[in-house]
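K.L.:
Pasting a structure below so you can have a look.
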Amino acid sequence: MKTLIKFLLSLTLSSFLMAQVDSTAIDSSQTSPPEAAVEVTVEVADSLLAPAEDLVSEDSTVTELMVLDSTGLDSSSIAESEPFEISEPEMVLVQIDPEPIVVAGLMAIGPIYFWSNDGLQGLNLTSLPYLTLLDPTLIAIKANDCNDLICHLLATESSGVDYVVVVPEDDANFRIYDTKTKVVVFESSRDELLSELDRYLKELAGTNLVAVAEEEPILDSLMAADIDPNALINAARADFLKVKRHQFRSMDELFSNAANLARDYNAKWSINFFPDFKIGIRNSLLTPGWYTKWWTTGDHWDDATKDEYLATLVNEEIVLNIAPEFHTLFGLRIGRFGLNISGKSHIKLILPGSIPSTLIPVLPMQDWTLNTPIENGGVELEAIPFVLKSTLSYGHPLSTTYGDVKVGVGVNMYTAAGYIHFVSEDLSITFTEDSVMATASGEAWGTYADAQGHLDDPNLSNYDPMNTLSDPTFGLDVGAIMDLYPLLNREVELQVSIRNIGAKYSWSGLKHEAWTFEQIGPILSDSDSLEEYQHSESILLDSKRNYDIDIPTVINIAAFYQPLPRILVGAGIEKAFTDEVRFGYSPDLEIYYQANFFATDWIDISYYHQTKYGDPVHTFGTGFHFGFLDTGLSLSLFNGLNAEAKGIGFGFRSSLHF
């Protein structure tokens with residue numbers, strides 16, 4: 001045993017010398033001052049050992065060396081031996097943002113109340129991001145006969161106002177009324193109104209207990225608690241978004257701007273169950289007032305009256321536009337993809353204004369000008385019996401730092417069935433005492449499809465309408481919609497669309513002729529036909545001509561705003577790149593505005609004002625929304641419904657959503 005103790009002492013001494021050598025290589029900057037030595041009592045169980053005091057005296061040097069060596073131990077080894085502790089996330093209360101509210105002001109002067117926001121000026125209420133200050137003009141009209149406060153509060157029904165701030169005439173406290181309960185929710189001085197209102201609304205919104213790790217952002221903690229911030233915002237906007245879904249899910253809206261396909265319609269499928277159409281007819285000159293003034297007098301005209309009548313027609317043009325349009329013959333939406341087949345017809349007739357005064361000699365006039373040719377150059381007829389447009393579209397939502405953007409693109413294929421175009425710059429009509437002479441010449445273009453003869457006298461025995469189809473051509477539609485709510489904290493939306501990019505009609509075989517026409521016959525004839533008095537000739541210039549007609553590219557920019565959930569207003573501009581009124585498009589910059597009022601969840605009424613062909617067009621409409629079914633009717637009045645009216649139109653739409 002004594003030998004064993006000596007061996008242990010030798011081993012301890014060797015370890016001490018090695019530690020001393022190793023400690024000289026440690027950087028002084030990393031060396032911490034030695035801690036106080038911890039003396040450990042060792043119990044010796046061997047009875048054969050010398051007395052404890054002898055061992056201590058004998059081995060004191062070794063004990064001192066062991067204590068000194070303990071200062072050179074690596075602290076990292078100590079840390080590794082310590083147990084690893086995982087801190088649990090702290091549960092904290094997070095304030096939920098209040099829902100958007102609408103506030104209006106009611107002035108109080110003694111027992112008299114009147115609606116005005118003037119008393120709220122300078123309070124900076126709109127600095128609260130969830131508060132909207134509504135102009136109470138419409139409420140004031142409804143409350144015109146009110147003599148007490150309760151009556152005024154009842155007048156806020158359906159106005160969208162959540163709270164009414166009663167502004168006193170003196171320095172008394174402001175009173176805030178809840179329009180649902182018609183009771184005071186709190187009172188406050190002018191200086192503290194903003195902070196008190198903010199505190200009250202936040203108390204209503206409440207808080208939510210979420211787990212937040214140390215220094216963890218609040219947004220991350222909300223996500224960790226399965227609370228989607230966007231979902232909270234959309235929940236507050238639910239009533240506004242519901243109206244947008246009804247407004248922009250019709251087939252006409254879906255395919256006039258493909259970005260509408262990127263909206264969330266809460267329905268995977270949409271389909272029309274009856275063709276959607278708009279039919280309109282418009283003339284540029286002859287109005288009900290003109291007819292009433294000149295054709296219902298029941299008397300002969302003197303020279304002055306005749307000259308005044310002719311002045312309304314001579315050197316004028318009568319432009320007749322007939323445009324039946326089926327904007328959806330078949331429409332289908334599946335998710336964000338859409339397929340639409342539309343069709344329309346184009347008929348444009350231009351007549352010199354003097355023709356009505358020369359082709360109908362039986363007028364309430366006397367002393368008709370005889371033996372003097374009346375020139376009527378400028379006759380034109382252009383028609384495409386039917387145009388088919390097939391569109392495949394896709395919409396996709398994007399998230400940007402400036403807000404949510406929806407984009408869409410549509411690929412169109414165009415096919416036109418038939419084409420005819422007559423132009424005459426030389427039409428002369430002469431009246432004599434007993435006859436009328438008419439001469440004309442010009443050019444004509446048309447599809448003949450195996451018809452024989454000339455355009456003015458065709459033989460249709462072998463006519464095949466399918467052979468009049470144009471060659472398939474293609475064009476693009478693009479669109480974008482930006483939700484400006486994140487920027488403005490208002491329900492504002494900007495829409496941009498460009499339609500018919502690179503589009504055209506193209507025929508590979510078209511007949512082009514020059515023609516002349518002459519008629520000399522009696523003013524009154526017993527014959528059933530005037531053909532015996534007519535003579536015409538045609539010269540074929542080309543029978544296989546390639547003929548292209550550009551379809552105008554149309555740019556539309558519009559903005560929509562919802563001041564209240566059930567009211568949607570919008571305004572925009574539209575520009576068609578064409579040199580003339582053609583195919584339903586006008587070269588003028590057309591400005592339009594509209595207003596929609598959703599009286600209930602199942603019905604809305606609308607007004608749409610557009611400048612078209614230089615005249616105002618008023619369109620009144622109504623829509624019906626029965627869950628999965630949407631349908632609507634519209635009535636358009638060209639230049640109003642009065643003596644100056646120039647045309648009328650009618651429309652119908654329908655769609656199913658499921």
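The values are calculated or read from the model by the stated rules, or taken from the named source; none is laboratory data. Remember, it's a predicted structure, so these values are computed and weren't measured experimentally. Virtual Cβ from ideal backbone geometry, glycine too; neighbours counted across all protein chains shown. For accessibility, only protein heavy atoms count, side chains too; no ligands or nucleic acids. Shrake-Rupley method; radii C 1.70, N 1.55, O 1.52, S 1.80 Å.
K.L.:
With a cut-off of 8 Å between alpha carbons and a minimum separation of six or more residues, what is the relative contact order of the range 388-436 in percent?
P.N.:
Relative CO of the range 388-436 lands at 32 percent.
K.L.:
Can you tell me the accessible area per residue over the range 557-658, all protein chains present, probe 1.4 angstrom, in square angstrom?
P.N.:
46
K.L.:
Taking a quarter of the surface of the convex hull around the Cα atoms of the range 100-153, what do you get in nm²?
P.N.:
With the hull built on Cα positions only, its mean projection is 4.0 nm².
K.L.:
Could you pull out the chymotrypsin sites (Phe, Trp or Tyr not before Pro) across the range 540-590 that fall in loop regions by DSSP (anything but H, G, I, E, B) with no more than 14 other Cβ atoms inside 10 Å?
P.N.:
In loop regions of the range 540-590 (DSSP not H, G, I, E or B), the sparsely surrounded chymotrypsin sites (Phe, Trp or Tyr not before Pro) are Phe577.
K.L.:
With a point put 7 Å past each Cα toward its Cβ, work out how far Ser195 is from Asp548 in nm, to one decimal.
P.N.:
Inter-label distance under the simple model: 7.2 nm.
K.L.:
Dividing the alpha-carbon Rg of the range 579-630 by 2.2 N^0.38 Å yields what?
P.N.:
1.53
K.L.:
Something else about it: Please work out the Cα center distance from the range 251-270 to the range 577-653, rounded to the nearest Å.
P.N.:
Measuring centre to centre over Cα atoms gives 20 Å.
K.L.:
For Cα pairs less than 8 Å apart in space and 6+ apart in sequence, what is the mean separation divided by the residue count of the range 525-641, i.e. the relative contact order in percent?
P.N.:
14
K.L.:
Moving on to the next point. If you stretched the chain out fully between Val478 and Tyr561, how much longer would it get, using 0.36 nm times the residue separation minus the C-alpha to C-alpha distance?
P.N.:
27.6 nm
K.L.:
Summing +1 for each Lys or Arg and -1 for each Asp or Glu, what net charge is found among the other residues whose Cβ lies under 12 Å from the Cβ of Ser636?
P.N.:
+2
K.L.:
In addition: Please give me the summed charge of the neighbours of Ala595: other residues whose Cβ is under 13 Å from its Cβ, Lys and Arg +1, Asp and Glu -1.
P.N.:
Combined, the nearby Lys, Arg, Asp and Glu give 0.
K.L.:
So, one more: Full extension from Ile112 to Ile648: what is 0.36 nm times the residue separation minus their Cα-Cα distance, to one decimal in nm?
P.N.:
188.1 nm
K.L.:
Work through the residues other than Asn500 whose Cβ is under 13 Å from its Cβ and net out their charges, Lys, Arg +1 and Asp, Glu -1.
P.N.:
Summing Lys/Arg as +1 and Asp/Glu as -1 gives +3.
K.L.:
With the contact rule set at Cα under 8 Å and sequence spacing of 6 or more, what percent relative contact order holds for the range 594-649?
P.N.:
With pairs under 8 Å counted, the relative contact order is 24 percent.
K.L.:
Turning to a different aspect of this structure: So if R0 is 45 Å, what FRET efficiency would Asp97 and Ala383 give, r being the distance between their Cβ atoms, rounded to the nearest 0.05?
P.N.:
Once the sixth-power term is evaluated, E becomes 0.15.
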